[in-house]
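**Q** Next up is a structure, given as structure tokens.
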Amino acid sequence: MQTSLRLVASCLIAGMVLSACGGGNSGGGILPAGTPTVGSSSPAQGPISNAPKTGGSLAYTDMGAAPQTTPVNVTLTLDYNHQAQLDQLVAQQADPTSPMYHHYLTTDEFNSYYAPTTQQEQSVVFALQRAGFTIAKEYSNRTIIEASAPAAKVESYFNTQIHMVNQGKFGARYVNVKPATVPSAIAPLVRAVTASNIVVAHTGTHVRSSLSLSSLIASTTLPSVPHVPAQRATRKIALSPQMKARGAMLARYATPFATSNVIGNPGFESGAFSPWFACGNGYATIDSSNPHSGRYDAFTGNLASNLGEEYGLDGVCQQVTVPTNGQLSFYVDEGTSETSTYNADQEADLFDANGNYLTNLYTENGNTNGYVQRSYNIGAYAGQQVIIFVGIYGSGSFSDYNYVYLDDASLTNGSTPTPAPSPTPVPTPVPTPVPTPVPTPVPTPVPTPVPTPVPTASPTPVPTASPTPVPTASPTPVPTNSPTPVPTNSPTPAPTPTPVSGGTCSGSPDSGPVSGSNGWLATGVAEAFDYPVQHGCNGAGVTVAVEIDTPINTSDVAGYLSAAGVTQTGTITNEAVSGGGNASSSDYTETALDVETISGLAPGANIIVYNFPDLSSQSIEAGYNQTVSDGKASVVNSSFGGCETSDTAFTNTTNTIAEQAAAKGMTFVASSGDSGSDECGTGNNPPGVSSPATDPYFTAVGAVNFTDTSTGALASITSGSDSSNGFSSGGGVSTIFALPSYQQGVANMVSTGRNDPDVALPGVGVMVYANGSQMQVDGTSWSSPEFVALMAEADQLHGSPLGFVNPTLYSIFTSTGYTDFTDVTTGTNGAYNAGTGYDLVTGIGAPKGWALANAL
């Protein structure tokens, strides 16, 4: 009831007919029968954008009103035409009893009938230009418009307030702290407005330590090396090209006015280093045995003399821009058998952005017997980029030990700032954005189609969905929301979806090692879950898309494939959106994981990495819209997410774009989250879920852990979790979307909202090759691209895209039970437990690859 009321209230406020609210939809859409409908009203001005508020690692500190000249990017999402017919069509495309089953629209067909018309788009463009906005980008599908203007104009035109915020490691950002409203002149045409560039999602790779601490430390000792004096002033830290690029970004987006902590991941609570990095010898590790607070700390050195002392400098570093009156503090727990700093020590130092030594903060042979706080004023370096180092210097002695634990670091202004933030610190790239629609508009996902209506070709210009004409949802089509309902063809139609080969599968199976020293490899998953690649279907002829904020370095993919013993025949390309992503981003491990997983399991598939500047709502939506507008990919991966309720406009916009993708035969897939049932960080009071995985037009993929037999077959399976780094497979119930029709009637479903996830695949202990080296990671960020690979192979097997598969997945499950899936009955994600049948931890269960591919 809460969800229905929220959606209906949003529609009433917006004064528009929207299928997400049941507007004009007689049950053919995804909302359950009986959902209240809302009729048309006068085009009065109304709020159509919420005030985004993130929490946890994405929380921000409000710095006050933005200077009036601050450049602000906005994204407007336009309403589709014939929305009810579109809902009906997508439902029928997924219904095996419908003549429209798997008959998809070309891009031209969608644009000519369902997309906003050229006249409708230009009405909005001209209105923005008259108000002083600069149009940054329009798309061939006419779904979103990106524009920019000074904060003063944005506030006036959309009746909102723009504030500057400090979002931790993401730096200075801006956000509308008051819901935006659209002027009545264009209100009938606009679904939502995004006027914020805060980061709303995070990736989910959790680094695992597969090697023991003692083996890591023992490998760094140098036999027969005597004690060596510490010649500190000659020290230098080597910086990778990625770190140098990150330094350039820091210089560009420096925020010396910030009073909040400018150190990212200050307590290592992400379970990984980034934006810290292991420096010196590079053997520092993330540790969970001795945190000062939270669950994690960083450890450098060795704990006992029989392990041998490291030789040289080793520790953890982070590059920052020092704020005015910079006050640095951190907690250390130290121990050593050394008695003179002449030979070895624990220390903290500052280096410049090139890795050259600047100054020593402290040096000692400490045995603190617990954590102590160190505090230093480094305001002398205000405005400069420096690298903070905390660690040890060792002599390599076999008979000594030396260590330091680090936790809870902080670098702040140390006083209340007087200057208001200037417009320069705003880090987002130019109109990267796709608008986040308000909760009002999103068309909720396609439910199982209505079996009764046999589609008839309408006299209206309905596009033909392949050989058969597109059916109208009813003999009386729903009127468009716009005052000018006659659609016109787009002058620049996007390409049609990539054709797949005619259903022939003649590739070679994955036959490399099932695993390595750093975790599972492609063959291990392909054999245990009987992927179609083991039967010759390697995804040849199918194109998939990876949505992420960094491009891929194909040399890393080559390194992974070499270790996995897989030969790739498909292509990999980077496609920059809104200026493209940052190659040195801490999310690069995610990019590598996504691409390597798909290329390993579906080596014949072509992969396009749609990379954008960051994981803000505008950037992600721009990435999705560009992908759908291009129409090149059949399957789309999203290995990221954030609290569903943080930005409901984002949640609804992404689902709206995914419905367009479904009509064109594209499958949208997302990871279900890595924080169990507590994605919103409330301590499960109440539980929270991850967006966009809960979008009903997305397939949500959770994680499992598994073992195999000596022949590679599946031996055991549980829900995915790892206590060493806090990973727990996400799942729960949406408070934004009602229970979709494809989940209705399924045992164990919670009736109050969309249940998440749909299926689950391995998410614990995979080897990834990133920045030239191997590491082991966990996360639903692995399981999502695994499902993408499976869908690419299924597309090849059937000789055509399978499109929106959720209705089919649940139809197969309710018809044949666990013939095509493996039930996962043990494990928990916090608020929910795995059990017999569907559950909120692993969904239906794990696909049996070959069987499910044939059943789809």
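The values are calculated or read from the model by the stated rules, or taken from the named source; none is laboratory data. All of these numbers come straight from a predicted model, not from anything done at the bench. Neighbour counts run over all protein chains shown; Cβ positions are idealised from the backbone, glycine included. Surface areas here come from the heavy atoms of the whole protein model, side chains and all, with no ligands, DNA or RNA. Shrake-Rupley method; radii C 1.70, N 1.55, O 1.52, S 1.80 Å.
**Q** Where in the range 83-183 are there strands (runs of 3 or more DSSP E), lying fully within it, with 3 or more residues that are farther than 30 Å from residue 812 by Cα, open to solvent by 10 Å² or more (accessible area, probe 1.4 Å) and of a type outside the set (Lys, Arg)?
**A** 134-138
**Q** Is the range 658-669 home to any residue that is open to solvent by less than 10 Å² (accessible area, probe 1.4 Å), of a type in the set (Gly, Ala, Ser) and farther than 30 Å from residue 796 by Cα?
**A** no
**Q** Still on this model: Hey, can you tell me all the residues within the range 625-668 that are under 21 Å from residue 145 (Cβ atoms) and either hydroxyl-bearing (Ser, Thr, Tyr) or assigned to a loop (DSSP other than H, G, I, E, B) (or both)?
**A** Residues satisfying the conditions are 627, 629, 631, 647, 648, 651, 653, 654, 656, 664.
**Q** Return a yes/no flag: does the range 755-770 have any residue that is surrounded by fewer than 21 Cβ atoms within 10 Å (Cβ to Cβ) and at pLDDT 95 or above.
**A** Checked the range 755-770: no residue is surrounded by fewer than 21 Cβ atoms within 10 Å (Cβ to Cβ) and at pLDDT 95 or above.
**Q** Another question, then. Condition (residue is open to solvent by 10 Å² or more (accessible area, probe 1.4 Å), on the phi > 0 side of the Ramachandran plot and at pLDDT 95 or above) applied to the range 514-532: is it met by at least one residue?
**A** Yes, that holds for at least one residue.
**Q** Of the residues that make up the range 63-80, is at least one open to solvent by 40 Å² or more (accessible area, probe 1.4 Å) and closer than 30 Å to residue 111 by Cβ?
**A** No: zero hits.
**Q** Please state which one of 588, 624 is touching an Asp or Glu at 6+ places or on another chain (Cβ under 7 Å) and either closer than 15 Å to residue 52 by Cβ or aromatic (Phe, Trp, Tyr) (or both).
**A** Criteria check complete, one pass: 624.
**Q** So which of 342, 376, 362, 357 ends up being in contact (Cβ under 8 Å) with a residue 24 or more places away in the chain, over 16 Å from residue 263 (Cα atoms), over 36 Å from the mean Cα position of the chain (by Cα) and not in a loop (DSSP other than H, G, I, E, B)?
**A** Of 342, 376, 362, 357, the one residue that is in contact (Cβ under 8 Å) with a residue 24 or more places away in the chain, over 16 Å from residue 263 (Cα atoms), over 36 Å from the mean Cα position of the chain (by Cα) and not in a loop (DSSP other than H, G, I, E, B) is 357.
**Q** Now for a different question. Going through the range 363-412 one residue at a time, which ones are open to solvent by 30 Å² or more (accessible area, probe 1.4 Å), of a type outside the set (Ser, Thr, Tyr) and closer than 12 Å to residue 346 by Cα?
**A** Passing the criteria: 364, 365, 367.
**Q** Also, I was wondering about something else. Among the residues of the range 525-537, which ones are closer than 18 Å to residue 596 by Cβ and out of contact with any Phe, Trp or Tyr (no Cβ under 9 Å at 6 or more places or on another chain)?
**A** Matches in the range 525-537: 526, 527, 533.
**Q** Same structure again: Tell me, yes or no, whether the range 797-811 has at least one residue that is out of contact with any Lys or Arg (no Cβ under 6 Å at 6 or more places or on another chain), more than 28 Å from residue 632 (Cβ to Cβ) and in contact (Cβ under 8 Å) with a residue 40 or more places away in the chain.
**A** yes
**Q** May I pose another question? Could you tell me which numbered condition residue 301 fails, if it satisfies all but one of (1) open to solvent by less than 50 Å² (accessible area, probe 1.4 Å); (2) modelled with pLDDT under 85?
**A** Of (1) open to solvent by less than 50 Å² (accessible area, probe 1.4 Å); (2) modelled with pLDDT under 85, only one is false for residue 301: (2).
**Q** Still on this model: Run residue 603 past the list (1) in a loop (DSSP other than H, G, I, E, B); (2) open to solvent by 10 Å² or more (accessible area, probe 1.4 Å); (3) modelled with pLDDT of 95 or more and report the number of the one that doesn't hold.
**A** All conditions pass for residue 603, except number (2).
**Q** Quick check: is even one residue across the range 292-312 out of contact with any strand residue (DSSP E or B) (no Cβ under 9 Å at 6 or more places or on another chain) and closer than 30 Å to residue 675 by Cβ?
**A** Yes, some residue in the range 292-312 is out of contact with any strand residue (DSSP E or B) (no Cβ under 9 Å at 6 or more places or on another chain) and closer than 30 Å to residue 675 by Cβ.
**Q** I've got another one for you. Just for the range 679-716: of the residues that are assigned to a strand (DSSP E or B) and open to solvent by 40 Å² or more (accessible area, probe 1.4 Å), which one is nearest to residue 546 (Cα to Cα)?
**A** Filtering the range 679-716 for residues that are assigned to a strand (DSSP E or B) and open to solvent by 40 Å² or more (accessible area, probe 1.4 Å), the one nearest to residue 546 (Cα to Cα) comes out as 705.
**Q** Do you know which residues across the range 821-855 are touching a helix residue (DSSP H, G or I) at 6+ places or on another chain (Cβ under 6 Å) and either modelled with pLDDT under 95 or closer than 12 Å to residue 702 by Cβ (or both)?
**A** 844
**Q** So, one more: Would a scan of the range 824-835 turn up a residue that is aromatic (Phe, Trp, Tyr), assigned to a loop (DSSP other than H, G, I, E, B) and open to solvent by less than 30 Å² (accessible area, probe 1.4 Å)?
**A** Among the residues of the range 824-835, not one is aromatic (Phe, Trp, Tyr), assigned to a loop (DSSP other than H, G, I, E, B) and open to solvent by less than 30 Å² (accessible area, probe 1.4 Å), which makes the answer no.
**Q** Across the range 789-816, what is the number of residues that are open to solvent by 10 Å² or more (accessible area, probe 1.4 Å) and either in contact with a Gly (Cβ under 9 Å, 6 or more places away or on another chain) or in a loop (DSSP other than H, G, I, E, B) (or both)?
**A** 8
**Q** Give the number of residues within the range 717-756 that are assigned to a loop (DSSP other than H, G, I, E, B) and of a type in the set (Val, Ile, Thr).
**A** 5
**Q** Continuing with this model, one more query. Can you give me the number of residues within the range 610-641 that are hydrophobic (A, V, I, L, M, F, W, C) and either within 10 Å of the chain's Cα centre (by Cα) or surrounded by fewer than 24 Cβ atoms within 10 Å (Cβ to Cβ) (or both)?
**A** Total satisfying the criteria: 3.
**Q** Which ones in the range 379-402 are in contact (Cβ under 8 Å) with a residue 40 or more places away in the chain and hydrophobic (A, V, I, L, M, F, W, C)?
**A** Result: 382, 386, 387, 388, 389, 390, 392, 398.
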